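The values are calculated or read from the model by the stated rules, or taken from the named source; none is laboratory data. Everything quoted here is computed from the prediction, not taken from an experiment. Backbone-built Cβ (ideal geometry, glycine too); neighbour counts: all protein chains shown. Accessible surface is based on the protein model in full, side chains and every heavy atom, while ligands, DNA and RNA are left aside. Shrake-Rupley method; radii C 1.70, N 1.55, O 1.52, S 1.80 Å.
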Amino acid sequence: DLIALGRRLIADPEIPNKVAESRLDDIRPCIGCMECIEGVRGRGQGMACTINPVAGREREYRIQPASKVKTVVVIGGGPAGLEAARVSALRGHRVILFEKEPNLGGLLNVAALPPNKSDIIPWIKHLVREVKKAGVEIKPGTEANWETIKEIKPEVVVIAAGGSPVIPQIPGLNVGNALTAQDVLSGKVKTGQNVVILGGGQVGCETGYYLANMGKKVVIVEILLHMAEGMGPMARRRLMEGLRDKQVTILTNTKCEEVKSGSVTVSSSAGQRSVFPMDTVIVAVGYRANDDLFKTLQGELYRIGDSSEPRGIREAMNEGYHTGLSL
């Protein structure tokens with residue numbers, strides 16, 4: 001007699017119509033990030049959705065045909081690039097998307113791996129399907145460069161090449177012995193039993209929770225006062241409870257002083273030094289923008305997502321949507 005839908009109608013208000021028309025594959029799946037709730041209640045902002053940039057602004061941000069059709073090259077198949085390509089194609093532009101990896105999705109494929117994040121997987125599939133349905137020409141496993149772009153002669157180039165992990169300057173730490181969170185989560189590298197994670201933001205904490213669930217002994221070192229700053233309170237509470245349940249050692253107001261073979265030395269803001277046994281050290285202190293190609297090109301250029309400034313999924317989707325709307 002009654003079907004109640006809440007957050008999923010914010011992600012896709014057309015769910016009832018799509019179900020009635022047997023268009024189940026067209027439904028944009030909610031990823032359960034709680035941005036719709038926390039944005040209104042926690043930060044006092046208007047209605048917002050991480051994966052639906054037009055939530056609450058449907059009339060203002062309607063997709064309309066472009067006044068002039070252009071050839072648009074999008075470099076990068078993460079959320080920002082995919083959304084920019086989708087919206088641009090729906091407006092009538094000819095869109096060519098380059099992605100250097102075999103699979104589309106960028107870091108979304110890694111973000112979906114920690115515990116409680118699997119809802120991202122169906123959304124990745126949906127987003128890729130929508131891009132293909134919009135008529136975007138996709139070139140997976142192809143890294144774009146100045147020569148390939150010159151051959152196409154596009155009127156517009158959108159750089160959405162993402163970011164690269166930052167390796168901090170710490171004695172004994174280098175590219176050779178520091179694993180990145182994304183490589184660990186994706187299974188490209190294996191860890192030992194005793195793991196020290198440098199960086200207690202969302203990525204570091206989720207990686208720690210992921211490894212603790214595998215039975216690893218994990219220490220997370222964060223220089224700031226709080227772990228996972230920037231996360232909404234509901235998602236953060238669930239993550240921190242998981243870390244405590246798995247007996248992960250959490251060190252705040254603490255910095256790494258030195259990395260040696262088999263150990264990591266840290267010091268608190270009060271000056272107390274501690275040494276922890278370590279088989280593997282993981283770096284999760286942030287990303288730097290991949291903007292090298294942007295600096296070599298000229299003409300109508302856009303730099304979006306982590307390629308502009310490393311941030312979250314919502315910012316990437318917003319920039320992708322609005323870039324496509326502005327072309």
Since residue 304 meets every condition but one in (1) touching a Lys or Arg at 6+ places or on another chain (Cβ under 7 Å); (2) crowded, with 21+ Cβ neighbours inside 10 Å, which condition does it not meet?
(1)
Quick check on the stretch 155-163. Is at least one of its residues in a strand (DSSP E or B), farther than 12 Å from residue 85 by Cα and open to solvent by less than 50 Å² (accessible area, probe 1.4 Å)?
yes
Of the numbered conditions (1) in a strand (DSSP E or B); (2) surrounded by fewer than 18 Cβ atoms within 10 Å (Cβ to Cβ), residue 295 satisfies every one except a single condition; which is it?
(1)
When residue 275 is evaluated against the numbered criteria (1) assigned to a loop (DSSP other than H, G, I, E, B); (2) over 25 Å from the mean Cα position of the chain (by Cα); (3) in contact (Cβ under 8 Å) with a residue 12 or more places away in the chain, which criterion, by number, is the only one it fails?
(1)
Within the stretch 208-222, is there a residue that is in a helix (DSSP H, G or I) and either among the aromatic types (Phe, Trp, Tyr) or surrounded by fewer than 20 Cβ atoms within 10 Å (Cβ to Cβ) (or both)?
yes
Selection within the stretch 278-327 - basic (Lys, Arg), over 25 Å from residue 206 (Cα atoms) and without any contact (Cβ under 8 Å) to a residue 24 or more places away in the chain:
295
For the stretch 59-76: of the residues being of a type outside the set (A, V, I, L, M, F, W, C) and open to solvent by less than 90 Å² (accessible area, probe 1.4 Å), which is farthest from residue 100 (Cα to Cα)?
61
Failed item in (1) at positive phi; (2) open to solvent by 50 Å² or more (accessible area, probe 1.4 Å); (3) within 20 Å of the chain's Cα centre (by Cα); (4) not hydrophobic (A, V, I, L, M, F, W, C), with residue 199 passing the rest
(2)
